[in-house]
Amino acid sequence: MTRARGVLLVRIAGLSAAVLLLELLCRTGVVNPMTILPPSDMLTAMLDLLSAGDLNDGMMQTFSTIAIAFVLAIALGTAAGAVIHRIPRLRAVLDPLLASYYSIPTFIFYPLLVALFALGKTPLVILGMMSATPAVIISTLAGLDSVPQVLLKLARAQRLGRLRTLGWIILPQCLPRLFSGFKLALSYALIGVIAGEFLLSGTGLGYAISFAYQSFDNRAMYGAMLFVLLAAITANGLLFVWEDRLARRRMKQ
Amino acid sequence: MSTPPDPHVVMEGVVRRYDGPPPVHALGPIDLSLARGEFFSVVGPSGCGKSTLMDVLCGLATPTAGTVRFEGRALHGEVPDGIGVVFQEDASLAWLSVRQNIAFGLRLSRLPAREITERVEHAIAFMGLRAFADHYPAQLSGGMRQRVCIARTLVLRPRLILLDEPFGALDQQTRLLMGDELLRLWRETNATILLITHALDEAAMLSDRVGVVSARPGRFIDLVETGWPRERDSRIVSDPRFGAITARLWSSLRTESLKTMGVVT
Amino acid sequence: MSDIALPSAAARRPSASRTRLLDATILLLVLLALWQAIASWTHGIAVAAPVTSMLYLATLATQAGFWCHVEATMSAFLLAFLLSAIAGLLLGLALGLWRFAGDVWEPVLAGFYTIPKVTLYPVVLLIFGLSVSAKVAFGVMHGLVPVTLLTLSAIRNLSPTLLRTARVLRLPPSRTIAWILVPACLPDIIAGLRIGFSLSLLGVLIGEMFSSQRGLGFLLVSGMAQHNVPLSTAIVLLLVLIAIAGNTGMLHLGKRITHRSSR
């Protein structure tokens, strides 16, 4: 276990060193402090914004939009994946589409979505869903593929019936892959929503950043930016740890 | 082949075909009658339909022609109560511990919790899994996982147990020991056992009767009675009759195996 | 079930590919119909109809100004991709070969993947100013990570048996890399390049959409601002076609280079 600990320590040390270096370069004026704030200033800016409650509205907007997009993407994606898996011909025709889906920058549809639904939550949720749903579909398909035939025979030999086979055998077997799809869905939904808010929106954290930039308010901009980045890292990190816990039992020790 | 007065399982004129394309005549016609409490092995070249025979026997597959009767009642496309199946591939559930895997067999039963625990603990002890009861399948070897699957079938107290090459992936020494375990299981449960194996010595040593299946489409070409006493174990290999039985099995099987390999005889 | 050998698929092949072609055509028609439906339903206010968009695109193609924008995007994108590819390969190689460094930095890179990088764009603008370099830098920010991560994992997953074979054959390090390492890693490296391709395009486009006076991303946004719906739809169509063509092209290139019919 010492190697793992050593790796962790070096990582923390490396990241801290990078932050310290940036701090130093900013303070000594090597890096123009008008361009990049020293990290300590970024931190205080963020804390100021939080304590003043300036980010509260944005947080509510953004987090709720992401949550809605995430839940809808999971529901739609799992259902669609299950249906597609059952119909081989449909799967054969959709496979190339799914494989190349993420090569298309879905972001380019955002202006069209805004024109369709007017500025507000709807185009953002749809953008988030457009980014997240295919990942869920792909991982659902992979999960269903990963159920070995012998387990389905076992279910029949034990006379489980269709519903129980789904709940007692298929679902637990698929869970690891499903979960990794959910992880991706969260990260894509988050990126999609915030990018949308940044580009074209009147509310939300993404908008807060772009507004601050355009108002030449560097402090507010960096403060909001730091908050968004930390929120993203935390959300994804939590899912990552959770997934690791779930997977531990199934892996060889 | 004389039909015993009250056979446990009867297959009459069973044929299994697949539509394809191209159409495949996989099995049959097969006639088989198993007495209660009999230990019957099936040997044959690969691809001859042994697994199909087992699937049809327990109701996992419907025969294209012919009937299968278990305890006097005909099978109708689903597995009846009282039959336990151990598959060739690993069917242990990765997300459950050994204990939970074994208890899985009883999830549907309406037995009281105390009885379930009793049966599960008995199966764990019987299969020698006490030290691993709380481990997960990923932490066990192939042979142990197969033992878990056998234990899971055990708790159901089946009257007919079907095993499809359960020891296929194991080394020879482990196979011999597992064979002894299987005999112990047989004597303790008094179940009828049908074992599919490609190992002639295993069939010869464990069974009351051995059926030799031809190359595809599989049909019984020989039925050998071993005449072993009920109390037996792997040391029976030193009995002089063992060699004769194995030799007879091989002489029936050799031509069929060559046919499967594509060698014209 | 090892008992039944699968009937040969050769007999099925001609009709199977015809079915696939038919299904693909049906899918295409369904998508076009949906597009048309949305366009008609919104009376062309949000989305232009398929035919209108394609005609508009054709008209655009005759205008020299349009090609200036295409050139702006393509040159920025290709530069970004090239930089991502080279830097990503070198970084991935280094992190893959030096185990410890790889273990330390891989999660950091993977974490970077999940961050909404668009929020960092103002920083890029502040550093590079409103210039082409900002777009290129942003494209590299997007494209570098997948190339690095996939190269890293390709090298990590090299079977030790291959390396032992190289030693038994007494190959010098340069030959080991050229004859064994690179061919073995090639499929994953190409997959990484393919993803990097799409992502650096995305990065450049986002840069243009937010702050640029030239390029396809700019055309898209200005089309929205001027309520020129056929323009925006045509640009979206063009970008989708470019993305799919690029991705499919790289897929085929990958298959040709690695001579593997199935993966």
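Here are the numbers for this structure:
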{"read-out": "Stokes-Einstein D for segment A:57-96, Kirkwood Rh over Cα pairs, 20 °C, 1.002 mPa s (µm²/s)", "value": "181 µm²/s"}
{"read-out": "At least 20 Å along the helix axis (C-alpha) and Kyte average at least 1.6, DSSP helices within chain C", "value": "C:64-97"}
{"read-out": "Spatial separation of Cα centroids for segment A:98-174 and segment B:210-265, in angstrom", "value": "51 Å"}
{"read-out": "Stokes-Einstein D for segment A:194-253, Kirkwood Rh over Cα pairs, 4 °C, 1.567 mPa s (µm²/s)", "value": "97 µm²/s"}
{"read-out": "Tail beyond 15 Å, pair distance distribution of segment C:7-86 (Cα, percent)", "value": "75 percent"}
{"read-out": "Amide H contacts of B:Ile161 (H built 1.01 Å from N, under 5 Å, at least 5 apart or other chain)", "value": "B:Gly84, B:Thr192, B:Ile193, B:Leu194"}
{"read-out": "Centre separation in Å (Cα based) which lies between segment A:213-244 and segment B:32-58", "value": "64 Å"}
{"read-out": "nm² value of the averaged projected area, convex hull over the Cα atoms of segment B:125-265", "value": "10.0 nm²"}
{"read-out": "Value in Å of the Kirkwood radius, where segment A:86-209 supplies the Cα pairs that are averaged", "value": "16.6 Å"}
{"read-out": "Residue-by-residue Karplus 3J(HN,Hα) for segment A:216-229, coefficients 6.51, -1.76, 1.60, Hz, glycine and proline x", "value": "6, 9, 4, 4, 4, 4, 5, x, 5, 4, 4, 4, 4, 5"}
{"read-out": "Straight-distance crosslink candidates among aspartates and glutamates, where the alpha carbon sits under 20 Å from C:Lys135 and sequence neighbours closer than 8 are dropped", "value": "A:Glu197, C:Glu71, C:Glu208"}
{"read-out": "Dimensionless Rg ratio for chain B, taking C-alpha atoms and the 2.2 N^0.38 Å reference", "value": "1.01"}
{"read-out": "Charge dipole magnitude, Cβ of K and R +1, D and E -1 - segment C:131-232, Cα centre, debye nearest 20", "value": "540 debye"}
{"read-out": "Using alpha carbons only: equivalent-ellipsoid semi-axes of segment B:1-117, gyration tensor based, whole Å", "value": "29, 20, 14"}
{"read-out": "Hydrodynamic radius by Kirkwood, which averages 1/r over all alpha carbon pairs of segment A:1-44, in angstrom", "value": "11.6 Å"}
{"read-out": "Rounded to 10°, Cα long-axis angle of helix B:240-261 versus longest principal axis of chain B", "value": "70 degrees"}
{"read-out": "Stokes-Einstein D (µm²/s) once Rh is taken as the Kirkwood radius of segment A:172-212 over alpha-carbon pairs, at 20 °C in 1.002 mPa s", "value": "187 µm²/s"}
{"read-out": "Formal net charge of residues neighbouring B:Leu111 (Cβ-Cβ distance under 13 Å; K, R +1; D, E -1)", "value": "+3"}
{"read-out": "Using alpha-carbon coordinates, inclination of helix A:205-214 to the longest axis of chain A, degrees", "value": "30 degrees"}
{"read-out": "Under 12 Å, Cβ to Cβ, from A:Val136 - net charge with Lys/Arg +1 and Asp/Glu -1", "value": "+2"}
{"read-out": "Counting DSSP beta bridges with both ends in the protein assembly as shown, the antiparallel % (nearest 5)", "value": "50 percent"}
{"read-out": "Residue mean of other protein chain beta carbons inside 10 Å, A:106-119", "value": "6"}
{"read-out": "Taking the convex hull of Cα positions in segment B:122-168, its mean projected area over all directions (nm²)", "value": "3.5 nm²"}
{"read-out": "Charge context of A:Leu49, other residues only, Cβ under 14 angstrom, K/R +1, D/E -1", "value": "-4"}
{"read-out": "Amide proton proximity set for B:Gly218, modelled H, under 5 Å, gap of 5+", "value": "B:Leu27, B:Gly28"}
{"read-out": "Where only alpha carbons of segment B:208-255 are counted, the Rg and the Dmax (Å)", "value": "12.1, 36"}
{"read-out": "If the convex hull is drawn through the Cα atoms of segment C:108-224, its volume per residue in Å³", "value": "124 Å³"}
{"read-out": "Cα-based radius of gyration of chain C once divided by 2.2 N^0.38 Å, which approximates compact folds", "value": "1.26"}
{"read-out": "Spatial separation of Cα centroids for segment C:19-94 and segment B:122-168, in angstrom", "value": "57 Å"}
{"read-out": "Cα pair distances in segment A:1-141, grouped into 10 Å bins until the bin that holds the longest one, percent each", "value": "10, 21, 20, 28, 16, 5, 0"}
{"read-out": "Cβ neighbours within 10 Å from other chains - mean over A:27-38", "value": "1"}
{"read-out": "Rounded FRET efficiency, nearest 0.05, which uses the C-beta distance separating A:Ala18 from C:Ser131 and R0 of 30 Å", "value": "0.70"}
{"read-out": "Trypsin sites (Lys or Arg not before Pro) restricted to segment C:116-197 and DSSP loop, no more than 15 other C-beta within 10 Å", "value": "C:Arg170"}
{"read-out": "Approximate shape of the protein assembly as shown as ellipsoid semi-axes (Cα gyration tensor, √5λ), whole Å, largest first", "value": "62, 30, 26"}
{"read-out": "Nearest-ten-degree value, helix A:88-101 long axis tilted from longest Cα axis of chain A", "value": "20 degrees"}
{"read-out": "Dipole magnitude of chain B about its Cα centre (Cβ charges: Lys, Arg +1; Asp, Glu -1), debye to nearest 20", "value": "140 debye"}
{"read-out": "Check: the protein assembly as shown dipole with +1 on Lys, Arg Cβ and -1 on Asp, Glu Cβ, in debye", "value": "1220 debye"}
{"read-out": "Value of Rg/Rh across chain A [Cα atoms, Kirkwood radius]", "value": "1.06"}
{"read-out": "Within chain B, longest stretch clear of exposed GluC sites (Glu not before Pro) (DSSP loop, no more than 14 other Cβ within 10 Å)", "value": "B:79-230"}
{"read-out": "Peptide-level mean, for B:153-165, of C-beta atoms on other protein chains within 10 Å", "value": "1"}
{"read-out": "For segment A:33-45, 3J(HN,Hα) per residue [Karplus equation, 6.51 cos²θ - 1.76 cosθ + 1.60, θ = phi - 60°, Hz, x = Gly/Pro]", "value": "x, 6, 7, 10, 6, x, x, 5, 5, 4, 4, 5, 4"}
{"read-out": "Over 21 Å [Cα-Cα, segment B:55-150], rounded percent", "value": "44 percent"}
{"read-out": "Residue-averaged 222 nm ellipticity for the protein assembly as shown, from DSSP H runs of 4+ at -39500 (n - 2.57), nearest 500", "value": "-21000 deg cm²/dmol"}
{"read-out": "Cleavage-rule hits (chymotrypsin sites (Phe, Trp or Tyr not before Pro)) in segment A:147-252: DSSP loop, at most 16 neighbouring Cβ within 10 angstrom", "value": "A:Phe216"}
{"read-out": "Integer Hz, Karplus 6.51/-1.76/1.60 couplings in order for segment B:47-57, x for Gly and Pro", "value": "x, 7, x, 4, 5, 4, 4, 5, 4, 5, 4"}
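Taken together, the values in this text are just the output of simple stated rules run on the coordinates, not laboratory data. Model, not experiment: these values are computed from the prediction. Heads up, the Cβs are rebuilt from the backbone with ideal geometry, glycines too, and the neighbour counts pull from every protein chain shown.
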